[in-house]
Amino acid sequence: QVQLQESGPGLVTPSGTLSLTCAVSGGSISSSNWWTWVRQPPGKGLEWIGEIYHSGSTNYNPSLKSRVNISVDKSKNQLSLKLSSVTAADTALYYCARVDTVRYFDLWGRGTLVTVSS
Amino acid sequence: DIQMTQSPSSLSASVGDRVTITCRASQGISNYLAWFQQKPGKAPKSLIYAASRLQSGVPSKFSGSGSGTDFTLTISSLQPEDFATYYCQQYNTYPYTFGQGTKLEIK
């Protein structure tokens with residue numbers, strides 16, 4: 001059974017770079033799936049960040065595109081998220097999810113909370 | 001961006017009740033609509049995709065309908081484990097967008 005586990009620093013300083021990884025277990029990141037990141041600020045709604053295919057093809061939310069980079073490490077079976085120039089507005093619970101072949105998010109990780117603060 | 005509007009934002013119901021949550025898209029999205037359930041501290045759980053198709057393993061008490069701009073999620077015979085927050089999401093057009101959520105609480 002495929003499982004997703006997000007990890008990374010829980011605290012990032014303003015203007016710094018947020019870096020998270022999502023480990024895929026029980027399956028291959030090189031399967032016929034895209035992989036995606038979604039975030040949820042405390043008490044607010046969900047925002048799609050972007051997605052990646054194992055080939056390296058990506059799609060990003062235009063609202064974050066200038067600051068976001070999503071990558072895949074096939075040797076470690078994981079995907080990564082980097083968000084630069086962070087502010088308090090980037091404080092959120094960050095989720096990774098698998099995108100089914102018919103494009104909906106069929107499997108989610110539990111998420112990891114990142115706080116941007118000095 | 002396509003705006004997804006859910007109603008109601010919160011809903012109180014009793015065990016055994018049947019409830020319906022609606023989701024409206026600001027423009028047509030065909031049937032590229034998913035519903036999922038979120039409980040505190042847990043991974044969001046996919047319930048329905050393609051507006052009406054049940055995710056494998058999800059009980060048939062959950063059902064979805066709609067196409068174009070108007071969609072509904074119906075949950076029948078509510079049980080304690082169904083009290084959670086429910087979200088709709090469109091995956092027709094980038095950027096993918098979500099409804100604001102409907103919190104289903106025990107009356």
- Note on the structure: Per the filter on region A:66-98, residues under 24 Å from B:LYS42 (Cα atoms) and in contact with a Ser or Thr (Cβ under 6 Å, 6 or more places away or on another chain) are A:ILE70, A:GLN78, A:SER80, A:LYS82, A:THR91, A:TYR94, A:ALA97
- Note on the structure: The correct count of residues that are away from every other protein chain (no Cβ under 14 Å) and free of Cβ contacts under 8 Å to residues at least 40 places away in the same chain in region B:61-81 is 6
- Exactly one of B:ILE29, B:ILE75 is of a type in the set (Val, Ile, Thr) and out of contact with any helix residue (DSSP H, G or I) (no Cβ under 7 Å at 6 or more places or on another chain), and that one is B:ILE29
- Output for region B:64-89, where each listed residue is polar (S, T, N, Q) and touching a Phe, Trp or Tyr at 6+ places or on another chain (Cβ under 6 Å): B:GLN89
- Message: Tally up the residues in region B:9-42 that are buried (at least 20 other Cβ atoms within 10 Å of the Cβ), at the interface with another protein chain (Cβ under 9 Å from one of its Cβ atoms) and among the small types (Gly, Ala, Ser), please.
- Response: 1
- Residues being surrounded by 16 or more Cβ atoms within 10 Å (Cβ to Cβ), touching a strand residue (DSSP E or B) at 6+ places or on another chain (Cβ under 7 Å) and not in a strand (DSSP E or B): count how many of those fall in region B:83-97. 5
- Item | Qualifying position, being buried (at least 17 other Cβ atoms within 10 Å of the Cβ), out of contact with any His (no Cβ under 9 Å at 6 or more places or on another chain) and of a type in the set (Ser, Thr, Tyr), among A:SER80, A:SER66 | A:SER80
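Residues that are under 13 Å from B:CYS88 (Cα atoms) and under 9 Å from the mean Cα position of the chain (by Cα): list the strands (runs of 3 or more DSSP E) wholly contained in region B:37-76 that include at least 3 such residues. Explain how you work it out, then say what you get.
On the way: elements: B:45-49, B:62-67, B:70-75.
Hits in region B:37-76: B:70-75.
Mind checking which residues of region A:75-94 are in contact (Cβ under 8 Å) with a residue 60 or more places away in the chain and closer than 14 Å to A:ILE52 by Cα? Show your work before the answer.
Residues of region A:75-94 that are in contact (Cβ under 8 Å) with a residue 60 or more places away in the chain, as a first pass: A:80-88, A:90, A:94.
Listed by number, the residues that qualify are A:SER80, A:LEU81, A:LYS82.
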- Within region A:99-113, is there a residue that is more than 8 Å from chain B (Cβ to nearest Cβ), buried (at least 22 other Cβ atoms within 10 Å of the Cβ) and modelled with pLDDT of 95 or more? no
- Item | Boolean, B:SER52 is of a type outside the set (Phe, Trp, Tyr), more than 10 Å from chain A (Cβ to nearest Cβ) and in contact with a strand residue (DSSP E or B) (Cβ under 9 Å, 6 or more places away or on another chain) | yes
- For B:GLN100, the lone unmet condition from (1) assigned to a loop (DSSP other than H, G, I, E, B); (2) more than 9 Å from chain A (Cβ to nearest Cβ); (3) not small (Gly, Ala, Ser) is (2)
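Which residues, taken from region A:86-98, are within 12 Å of chain B (Cβ to nearest Cβ) and among the small types (Gly, Ala, Ser)?
Kept after step one, since they are within 12 Å of chain B (Cβ to nearest Cβ), are these residues of region A:86-98: A:93, A:95-98.
Of everything in region A:86-98, just one residue is within 12 Å of chain B (Cβ to nearest Cβ) and among the small types (Gly, Ala, Ser), namely A:ALA97.
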- Message: Take B:GLY57 and tell me if it is more than 12 Å from chain A (Cβ to nearest Cβ) and exposed (fewer than 14 other Cβ atoms within 10 Å of the Cβ).
- Response: no
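The values are calculated or read from the model by the stated rules, or taken from the named source; none is laboratory data. Keep in mind that this is a model prediction, so the values were computed, not measured. Glycine also receives a Cβ, built like all others from the backbone with ideal geometry; neighbour counts cover every protein chain displayed.
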